[in-house]
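Novice: Right, I'll just put the structure down here and ask away after.
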Amino acid sequence: VAPYERPALSKAYLFPEGAARLPGFHVCVGSGGERLLPEWYKEKGIQLILSTEIVKADLPAKTLVSAAGETFKYQILIIATGSTVIRLTDFGVEGADAKNIFYLREIDDADKLLEAIKANKNGKAVIVGGGYIGLELAAVMKINNFDVTMVYPEPWCMPRLFTPDIAAFYEEYYANKGVKIIKGTVAVGFTSDSNGEVKEVKLKDGRALEADIVVVGVGGRPLTTLFKGQVEEEKGGIKTDAFFKTSVPNVYAVGDLATFPLKLYNELRRVEHVDHARKSAEQAVKAIKASEEGKSVDEYDYLPYFYSRSFDLSWQFYGDNVGDTVLFGDSNPKSQKAKFGSYWIKDGKVVGAFLEGGTAEENQAIAKVAKLQPSVQSLEAVKHEGLSF
């Protein structure tokens, strides 16, 4: 299918009612941009070649070869292969190849999961992983009336971003919705029935959980294999400059797999998020166009941004999650409309901001704070001011 907005797959695509379907979420509707239907490419003179996998890239020869043996020559190449999911079978987890163990990356994955949801009505679902996919899928499976258990090894959910205080709110909110959470252990094996369908998830702590459906969300890895040894890499991705140029002339890399200079923090970073995928692509194309016209464009100046929606919740985060934190607002999971947030303060300046339940204006305000990095006198003062800061 033509490019689409991947975040929809773990949210509205799986809703029992009012579900999202293509062509509703082709790029770039998620950011309020134009929706690029398959015919848009034709109208713009862009050749959209589907169902074609590139299996070999020869950068010195400027040649790509497909699985069917077709050769493509290029003058300029933009690498936008993104990430792939980490699978439990990669680690030889016993029984991890059983039926009804799902990963969510492509629309095909979502379709298979939907079939299983329909075939196992009111069944038991186990979610392996406590990150984005884990939290969003636990919510969606609950909305589909499944008995849901989440399992993850960390002491709290979304550990790469959430503080223990922030995580405590979501964990209790989920528990109040009937989602069971098991922390501090991992899935070490699966048993299946005579049809080869998963029946039990075996945990490292000795417990076994009944399951009709298992969804695994334990992270992703950038798809750089095609270009190994041909282009400079760093931090797991392909190293680029502020215009997404790689170490090879006329080759650019964007999105999840680009390790680029993050100007705001003066360091090289790789960012796995749809917002950066869109903006890095735009920057690369502007840079290519400018160089053709003998002009220049500004360096990429990105403000890291992450968000999620599940149940009636919606949070946004901007900036960097380093330094001391202050929690403000109403973070009681039993509140009718909880609204709370957190600031991250480093070297006397606000470097990051998180907000649950914010309006569009409030979310814009926390983005501005993270970008401008205002100095603060004391943590107490900021905590007291909260959102009005």
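The values are calculated or read from the model by the stated rules, or taken from the named source; none is laboratory data. On a predicted model such as this, the values are computed, not experimentally measured, just so you know. Here the Cβ is made from the backbone with ideal geometry for all residues, glycine too, and neighbour counts use every protein chain on show. The area values use the complete protein model at the heavy-atom level, side chains included, leaving out ligands, DNA and RNA. Shrake-Rupley method; radii C 1.70, N 1.55, O 1.52, S 1.80 Å.
Novice: How much of ASP312 can a 1.4 Å solvent probe reach, expressed as accessible area in Å² and rounded to 10?
Specialist: We get 110 Å² for ASP312.
Novice: Pick from LYS245, LYS235, LYS44: which residue has the top mean-square fluctuation in a GNM of the chain where Cα pairs under 10 Å get a spring?
Specialist: Maximum among the listed residues: LYS44.
Novice: Below 8 Å between Cα atoms, with a sequence gap of 6+, how large is the relative contact order for the chain in percent?
Specialist: Relative CO of the chain lands at 13 percent.
Novice: If you look at just the Cα atoms of the chain, how large are its Rg and its Dmax in Å?
Specialist: In order Rg, Dmax, the Cα atoms of the chain give 22.3, 66 Å.
Novice: What helices does the chain have that are whole DSSP H segments, at least 27 Å long along their own axis by Cα, and with mean Kyte-Doolittle hydropathy of -1.0 or more?
Specialist: 274-292
Novice: Rounded to whole Å, give me the distance from the Cα center of the stretch 125-159 to that of the stretch 170-216.
Specialist: After rounding, the separation between the Cα centres reads 9 Å.
Novice: Okay, moving on. Using a Gaussian network model of the chain with C-alpha springs under 10 Å, which one of ALA68, ALA57, ALA168 is most mobile by mean-square fluctuation?
Specialist: It is ALA68.
Novice: Leaving out ligands and nucleic acids, note down the accessible area per residue over the chain with a 1.4 angstrom probe, in whole Å².
Specialist: I get 50 Å² per residue for the chain.
Novice: Here's something else I'd like to know. Considering only protein heavy atoms and a 1.4 Å probe, what is the carbon-and-sulfur percentage of the accessible area of the stretch 23-99? Could you put the intermediate results ahead of the total?
Specialist: Working: 2620 of 4910 Å².
Carbon and sulfur: 53 percent of the exposed surface of the stretch 23-99.
Novice: Give me the distance between the Cα centres of the stretch 237-292 and the stretch 13-31, rounded to whole Å.
Specialist: 27
Novice: Okay, next question. Multiply the residue gap between SER194 and SER378 by 0.36 nm, knock off their C-alpha separation, and tell me the result in nm, one decimal place.
Specialist: Roughly 59.9 nm would be gained on extension.
Novice: Taking 41 Å as R0, compute the FRET efficiency from the Cβ-Cβ separation of LEU114 and GLN230 and round it to 0.05.
Specialist: Details: r = 39 Å, r/R0 = 0.95.
Approximately 0.55, to the nearest 0.05.
Novice: For a quick check, take a GNM of the chain with Cα springs below 10 Å and name the residue from PRO222, PRO159, PRO60 with the largest mean-square fluctuation.
Specialist: PRO60
Novice: In addition: Tally up the carbon and sulfur contribution to the accessible surface of the stretch 305-385 as a whole percent, 1.4 Å probe, everything protein left in place.
Specialist: 48
Novice: Taking all protein chains as present, what is the carbon and sulfur share of the accessible area of the stretch 218-297, in % to the nearest whole number, probe 1.4 Å?
Specialist: Roughly 51 percent of what the probe reaches on the stretch 218-297 is carbon or sulfur.
Novice: Counting only DSSP beta bridges with both residues in the chain, tell me the antiparallel percent, nearest 5.
Specialist: Beta bridges within the chain, antiparallel portion: roughly 70 percent.
Novice: Quote the accessible area belonging to ARG21 in square angstrom, nearest 10, computed with a 1.4 Å probe and with ligands, DNA and RNA left uncounted.
Specialist: 100
Novice: Report, in listed order, any pair from LYS99/LYS202; LYS337/LYS371; LYS11/LYS118; LYS228/LYS286; LYS346/LYS371 with a Cα-Cα distance greater than 20 Å.
Specialist: Over 20 Å apart, Cα to Cα: LYS337/LYS371; LYS228/LYS286.
Novice: Once every DSSP H run of n ≥ 4 in the chain is given -39500 (n - 2.57) and the sum is divided by its residues, what mean residue ellipticity at 222 nm do you get, rounded to the nearest 500 deg cm²/dmol?
Specialist: After summing the helix terms and dividing by residue count, I get -6500 deg cm²/dmol.
Novice: Under Stokes-Einstein, with the Kirkwood radius over Cα pairs standing in for Rh, what whole-number D in µm²/s applies to the stretch 305-385 at 37 °C and 0.692 mPa s?
Specialist: 257
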